[in-house]
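**Student:** Quick one: structure below, then a few questions.
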Amino acid sequence: MSSGTSSPPDETAADPETSETALETARRQLEHAAAELDLDPNVVERLRHPTRVQRVSVPLRRDDGSVEVLTGYRAQHDDARGPFKGGLRFHPHVSEEECVGLAMWMTWKTAVMDLPLGGAKGGIVVNPKTLSPTERERLTRRFAEELRDIVGPNTDIPAPDMGTDPQTMAWFMDAYSVQQGETTPGVVTGKPPEIGGSYGREAAPGRSVAIIVREACRYYDKPMDDLSVAIQGFGSVGANAARLLDSWGADVVAVSDVNGAVHDPSGLPVDEIPSHDEEPEAVTENAETVIANDELLELDVDVLAPCAIGNVITGQNAGAVRADLVVEGANGPVTFAADSILEQRGVPVIPDILANAGGVTVSYFEWLQDINRRKWSRERVNEELENEMVTAWNAVREEYDERDVSWRTAAYILALSRVAKAHELRGLWP
Ligand code: GLU
């Protein structure tokens, strides 16, 4: 292969609504929530924009010796409440706009959880399936070097996201530490536990989805042992949520991966189905009947948890969703248009910034363990996560009960009022 830049993602197939950028969605959601609050418009204006976006070229030496120059980003949205925080993704659809939108969501996510952190997101425009393990390592190390000036344990702390994992974070931490001349575990979270990672971090986003499903079902008087759940995506979020809900007595009736979904109205043996981390793309391998991913979204179930990618419930299919409740495990799976259709139809949507916030919450625990040089047991992590999730759920529920708004807007109101208060107290320099 000759040297050159990576080709841009093919978006020609996307319809106009699903191609609404994460930034457009995030700004619309911000304005929607700000309208409910008596906020200083100057603060809202500041929050519409990122603090900084770093664009870098990342040269990658392929195994065949050729050099390809890939594009990477780090968008830092807001750090009024603490250091920037958020994942790094390796995905062909990564773009500047997407990173900024996702960084805004991280600001609200850390604020909903009341963590002393801000919001950021980054990534490289690359299809991770095309990378060998050695290429992936070289790419990660070089990306860490290109971002070294703007990340750090007190400034901006990356984490795993789509297409990245604990091993990626281990390489990132090593590259940063070697250049700094000291081992700095607190520069990233989501590392393997052997090198400063936290027990329970990988399972945490799925665990928080399950906890929020449980709390929401309690709120709507739906008993767990009678609950039918459909889960899109069987990666770390979907598989962990499915297995926990199953162990609490719910019937997980459908799960899926990119190849399709398996469905059994009497409940699936979710422990026996390999998650993406255990064996990639194997969900439908031994299944007798396979249904399409789109059909999973339209099953008549109590709870639908889209835990795979963004923009899967759109203006086109929101009318066909038959679940009584939607809980967002992925970031941004329900578009702005779909959100209003579901609201009109009386289908509550519990938003990503609350439901999958277990990931960043245990990232915060990991960072505390790193800077204090003191490891927590898995039991302590899970117990503290349970407390943080229930506290955040109760705070969002209070907003929801007090105002005539959706769950998403209630969560945004809580987050935005905390971030706006931090800006008001700190003021504008100079
Ligand atoms: N990428 C995850 C998210 O979207 C985790 C971020 C973090 O742990 O910093 O919430």
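The values are calculated or read from the model by the stated rules, or taken from the named source; none is laboratory data. Since the model is a prediction, treat every value here as computed from it, not as a measurement. Here Cβ is always computed from backbone atoms with ideal geometry, including for glycine, and neighbour counts include all displayed protein chains.
**Student:** Assuming Ile341 fulfils every condition listed in (1) part of a helix (DSSP H, G or I); (2) under 30 Å from Gly197 (Cα atoms) apart from one, which condition is it?
**Tutor:** Of (1) part of a helix (DSSP H, G or I); (2) under 30 Å from Gly197 (Cα atoms), only one is false for Ile341: (2).
Table: residues versus (1) in contact with a His (Cβ under 9 Å, 6 or more places away or on another chain); (2) in a loop (DSSP other than H, G, I, E, B); (3) under 24 Å from Ala357 (Cβ atoms).
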position	(1), (2), (3)
Glu295	yes, no, no
Asp300	no, yes, no
Leu304	no, no, yes
Asn311	no, yes, yes
Gln316	no, yes, no
Arg322	no, yes, no
Asn331	no, yes, yes
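**Student:** Which ones in the range 161-183 are among the hydroxyl-bearing types (Ser, Thr, Tyr), part of a loop (DSSP other than H, G, I, E, B) and away from the ligand (no atom under 16 Å from the Cβ)?
**Tutor:** Step one: filter the range 161-183 for residues among the hydroxyl-bearing types (Ser, Thr, Tyr), giving 164, 168, 176-177, 183.
Remaining after also requiring part of a loop (DSSP other than H, G, I, E, B): 164, 183.
Correct list: Thr183 only.
**Student:** Further question on the same structure: Can you pull out every residue in the range 113-137 that is more than 11 Å from the ligand (Cβ to nearest atom) and buried (at least 20 other Cβ atoms within 10 Å of the Cβ)?
**Tutor:** Within the range 113-137, the first condition is being more than 11 Å from the ligand (Cβ to nearest atom), and the residues that meet it are 114, 116, 124-137.
The answer is Ile124, Val125, Val126, Leu131, Arg136.
**Student:** Oh, and also: Which of (1) crowded, with 24+ Cβ neighbours inside 10 Å; (2) within 18 Å of the chain's Cα centre (by Cα) is the odd one out, the single condition Gly197 does not satisfy?
**Tutor:** If we test Gly197 against (1) crowded, with 24+ Cβ neighbours inside 10 Å; (2) within 18 Å of the chain's Cα centre (by Cα), just (2) comes out false.
**Student:** Turning to a different aspect of this structure: For the list (1) within 14 Å of the ligand (Cβ to nearest atom); (2) part of a helix (DSSP H, G or I); (3) more than 15 Å from Val58 (Cβ to Cβ), I need the number of the one condition that Gly200 fails.
**Tutor:** Result: Gly200 passes all but (2).
**Student:** Follow-up question, since we're still on this one. For the range 316-327, state whether one or more residues are within 16 Å of the ligand (Cβ to nearest atom), modelled with pLDDT of 95 or more and closer than 18 Å to Leu102 by Cβ. Give the steps one after another, and end with the answer.
**Tutor:** Looking only at the range 316-327, we keep the residues that are within 16 Å of the ligand (Cβ to nearest atom), and these are 327.
Now narrow it down to the ones that are modelled with pLDDT of 95 or more: 327.
Checking the rest, the ones that are also closer than 18 Å to Leu102 by Cβ come to none.
The answer is no; no qualifying residue exists.
**Student:** His91 fails exactly one of the following numbered conditions: (1) of a type outside the set (Lys, Arg); (2) farther than 17 Å from Arg418 by Cβ; (3) surrounded by 21 or more Cβ atoms within 10 Å (Cβ to Cβ); (4) touching a Gly at 6+ places or on another chain (Cβ under 6 Å). What is the number of that condition?
**Tutor:** His91 satisfies all of (1) of a type outside the set (Lys, Arg); (2) farther than 17 Å from Arg418 by Cβ; (3) surrounded by 21 or more Cβ atoms within 10 Å (Cβ to Cβ); (4) touching a Gly at 6+ places or on another chain (Cβ under 6 Å) except (3).
**Student:** Give the range 82-104 a look and list any residue that's within 19 Å of Leu368 (Cα to Cα) and either within 11 Å of the ligand (Cβ to nearest atom) or free of Cβ contacts under 8 Å to residues at least 12 places away in the same chain (or both), or say none. Don't jump to the end; show me each part of the working.
**Tutor:** Of the residues in the range 82-104, the ones within 19 Å of Leu368 (Cα to Cα) are 82-87.
Matches in the range 82-104: Pro83, Phe84, Lys85, Gly86, Gly87.
**Student:** I've got another one for you. Residues that are under 27 Å from Tyr364 (Cβ atoms), under 17 Å from the mean Cα position of the chain (by Cα) and within 14 Å of the ligand (Cβ to nearest atom): does the range 53-75 have at least one?
**Tutor:** For the range 53-75, residues under 27 Å from Tyr364 (Cβ atoms), under 17 Å from the mean Cα position of the chain (by Cα) and within 14 Å of the ligand (Cβ to nearest atom): present.
**Student:** Give all pairs with beta carbons closer than 8 Å in which a residue from the range 145-174 that is farther than 20 Å from Gly119 by Cβ meets a residue that is charged (D, E, K, R) and modelled with pLDDT under 95; count only pairs at least 6 apart in sequence or on separate chains.
**Tutor:** What qualifies is Asp165/Asp277.
**Student:** Which pairs turn up if I take residues in the range 336-349 that are at pLDDT 95 or above and look for partners that are in a helix (DSSP H, G or I) and surrounded by fewer than 19 Cβ atoms within 10 Å (Cβ to Cβ) with beta carbon separation below 8 Å, at least 6 apart in sequence or on another chain?
**Tutor:** These pairs meet every condition: Ile341/Gly319; Arg345/Gly319; Val349/Glu343.
**Student:** May I ask you to list pairs of residues, at least six apart or on different chains, whose Cβ atoms are under 6 Å apart, with the first in the range 366-377 being charged (D, E, K, R) and the second being assigned to a helix (DSSP H, G or I) and modelled with pLDDT of 95 or more?
**Tutor:** Between residues of the range 366-377 that are charged (D, E, K, R) and residues that are assigned to a helix (DSSP H, G or I) and modelled with pLDDT of 95 or more, the close pairs are Asp370/Pro185; Asp370/Gly186; Lys375/Gln369.
**Student:** Would you mind stating whether Thr107 is within 12 Å of the ligand (Cβ to nearest atom) and either under 23 Å from Trp367 (Cβ atoms) or part of a helix (DSSP H, G or I) (or both)?
**Tutor:** Working: within 12 Å of the ligand (Cβ to nearest atom): yes; either under 23 Å from Trp367 (Cβ atoms) or part of a helix (DSSP H, G or I) (or both): yes.
Yes; evaluated as a whole, the condition is true for this residue.
**Student:** Let me ask something else. As an exercise: evaluate Ala287 against (1) touching a residue at least 24 places away in the same chain (Cβ under 8 Å); (2) under 24 Å from the mean Cα position of the chain (by Cα) and give the number of the one condition it does not meet.
**Tutor:** Only one criterion is unmet by Ala287, namely (2).
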